[in-house]
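Worksheet: the structure to be examined is printed underneath.
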Amino acid sequence: MHDFTIEVHGCRQADYTGALSQPIYQSATFRHPGFQQSTGYDYSRCGNPTRDNLEETIAALEKGQKAWAFSSGMAAINTVFQLFKPGDHILLTEDLYGGTVRLGEIFAKYGIEFEYIDTTDLELVQRSLRPATRAIFIETPSNPMMLITDIKALAELAHSHAALLVVDNTFLTPHFQKPLTLGADIVVHSGTKYLCGHNDILSGFLIVGQSPCSQQLIEEIGLYVKSQGANLSAQDSWLMLRSLKTLGLRVEKQAANALQIAQWLKQQPEVTDVYYAGLPEHPGFQLNRQQASGNGAMISFKVRDSNLARSILGKVKLIAFAESLGGVESLITYPLYQTHECMPKYLLERTGLDDRLLRLSVGIEATEDLIADLQQAFR
């Protein structure tokens, strides 16, 4: 089925009542019919019908084999990092969400080596791969410099060294990009962002594809999920199912708004640089068109000096100065002091993330109202 249809209907039929809204199974435990008999559900940490429906829907949208719903995106990434052992080497894109870098510092204490490189440079990736390399972890577009990485080419490089390719697909969502179909082994999401879309639920997802190592990954990840209990609750699973019904409508409207705003930003004398994958002059424009069906709604831009950047944050009225992204409401963020505050200085310098950079998550408001708000904040 088409994504729009899966988003609206999910993957499970309604129960005998014919209810269009899936039930919320707000139960910690389930009755057994008899000794060594089960309905398929025993305890909600191990399985809950509402959460299962959500996980099956996300797996279908990503064209994956199995998905898990977590209490946050960081819980999902934490589970990915648990797949590795002391002595393993992981390559990561140098332009990456600061929370992922912070989590890497924690796992480095257990003997896992994390190396940050420009994953858009395939020759550099090839040279950086070692016998101990077990995974490449990327975001595309990246956060916040909007770099585009070739998923298919990177998957081939990773697999030639018996390594996994893990893709954080938060910015584009499965509505615009399906990394598993391009060779990635694992996809992660902060479901708090576009999948939720209303800034009211914390959630995360991990999806495994159809690669030769999928069954082993499913068994290992399933053990961690069952043992650690970072699952999404039944109530929040139902709210996520409701949110997914409008995913396509929201992200397509947001992307259309973002393109107009990016084009407007280019014309402003206060703006020195605009980073948006939908602009033809973006270095990754053609590659993004090949591997994704949309450009998303995340824009980063630099203004002439840091004083202006900070002034804008205090003067926007319609756009909210707040962390996070992907909601129907437009948000503006100062990455250097918010989402990427914990980034090592050498990574900031290499990526160009400085005190003039602002990140804009474009919502579904009228574009002219958003532009008017930016205009008054600039001037």
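With semi-axes defined as the square roots of five times the eigenvalues of the C-alpha gyration tensor, the equivalent ellipsoid of segment 274-337 measures 26, 15, 9 Å, largest first.
Which percent of the accessible heavy-atom area of the chain goes to carbon and sulfur, probe 1.4 angstrom?
Ligands and nucleic acids excluded, carbon and sulfur give 53 percent.
Contact order for the chain, expressed relative to its length and based on alpha carbon pairs under 8 Å spaced 6+ residues apart, stands at 18 percent. Across segment 1-130, the relative contact order, built from alpha-carbon pairs under 8 Å that are at least six residues apart, equals 17 percent.
Only one residue of 352, 321, 269 has its Cα farthest out toward the positive end of the dipole of segment 255-379, where Lys and Arg carry +1 and Asp and Glu -1 on Cβ, and that residue is 352. Over all pairs of different C-alpha atoms in segment 242-378, the reciprocal of the mean inverse distance, the Kirkwood hydrodynamic radius, equals 15.4 Å. For residue 328 and residue 1, a Förster radius of 41 Å and the Cβ-Cβ distance give a FRET efficiency of 0.95, rounded to the nearest 0.05. Taking label points 7 Å from Cα along the Cα-to-Cβ direction, residue 306 and residue 65 give a separation of 4.9 nm. Accessible area per residue for the chain is 42 Å², calculated with a 1.4 Å probe on protein heavy atoms, without ligands, DNA or RNA. In units of the compact-protein estimate 2.2 N^0.38 Å, segment 90-164 shows a Cα radius of gyration of 1.04. Over segment 294-379, Cα pairs under 8 Å with separation of 6+ residues give a relative contact order of 41 percent.
With helices as the sole contributors, the chain gives -11500 deg cm²/dmol at 222 nm; each DSSP H run of n ≥ 4 counts as -39500 (n - 2.57), and the sum is divided by every residue. For segment 161-204, the normalised intensity computed at q = 0.15, 0.17, 0.20, 0.34 Å⁻¹ comes to -0.40, -0.49, -0.62, -1.18 (log10 of I(q)/I(0), Debye sum over alpha carbons, equal scatterers, no solvent).
Rg and Dmax of the chain, both derived from C-alpha coordinates alone, stand at 20.9, 74 Å. Dividing the Cα radius of gyration of segment 322-379 by its Kirkwood radius returns 1.05 for Rg/Rh.
Charges were assigned to the Cβ only: +1 to each Lys and Arg, -1 to each Asp and Glu. The resulting dipole of the chain about its Cα centre is roughly 400 debye. Which residue, chosen from 228, 211, 258, occupies the Cα position most advanced towards the positive end of the dipole of the chain, where the dipole is computed from +1 (Lys, Arg) and -1 (Asp, Glu) charges on Cβ about the Cα centre? Going by the Cα projections, it comes out as 228.
The values are calculated or read from the model by the stated rules, or taken from the named source; none is laboratory data. Keep in mind that what you see is a predicted model, and the values were worked out from it rather than measured. Cβ atoms come from the backbone with ideal geometry, glycine included; neighbour counts cover every protein chain shown. We work out accessible area using only protein heavy atoms, side chains counted, and drop any ligands, DNA or RNA first. Shrake-Rupley method; radii C 1.70, N 1.55, O 1.52, S 1.80 Å.
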